[in-house]
Amino acid sequence: MSLPADTPPAVADALDYLQHHLQELTERQNASEHTINATLVGLTVQLQQLTQLITAPAPTVALPPIPLSLPPISSPSPVLSTPSKQRTRPKLPSSPDFASERSSGRAFLNSYMLYLYLALE
């Protein structure tokens, strides 16, 4: 920008300083906008990935078969029939209750499978 010839040198210097400073601020603003846009793109991608994870069907896991028959009862040996030498098993806690919440379903199945395994052993 050209100034009139009768412009005082102090005003011309101040105007040059302000133009230079304005140019630096514009460059900083452009760099900040670029950084913000890159961050926004990254956040958008992460949001899409999270949305896909949430809406995707849960993977199915094959559970081991539940034994439906009780093991055969064998007659006790003479050594175990005496009260002083009989092996006792600890009492199992009652089977777990299902809270009807989807988030606790897998934990319920695992604990119930363990309960059945220990009870039928």
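The values are calculated or read from the model by the stated rules, or taken from the named source; none is laboratory data. Source: prediction; values computed, not measured. When we count neighbours, we look across all protein chains shown, and the Cβ atoms used for this are built from the backbone with ideal geometry, even at glycine.
Rundown of residues vs (1) basic (K, R); (2) surrounded by 10 or more Cβ atoms within 10 Å (Cβ to Cβ); (3) part of a helix (DSSP H, G or I), yes/no style:
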site: L3; (1), (2), (3): no, yes, no
site: A10; (1), (2), (3): no, no, yes
site: L15; (1), (2), (3): no, yes, yes
site: H21; (1), (2), (3): no, yes, yes
site: Q49; (1), (2), (3): no, yes, yes
site: L53; (1), (2), (3): no, no, yes
site: A58; (1), (2), (3): no, no, no
site: V61; (1), (2), (3): no, no, no
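Kindly indicate whether L53 is of a type in the set (A, V, I, L, M, F, W, C), modelled with pLDDT under 90 and closer than 30 Å to L120 by Cβ. Walk me through how you get there before you give the answer.
Details: of a type in the set (A, V, I, L, M, F, W, C): yes; modelled with pLDDT under 90: yes; closer than 30 Å to L120 by Cβ: no.
So L53 does not fit the description; no.
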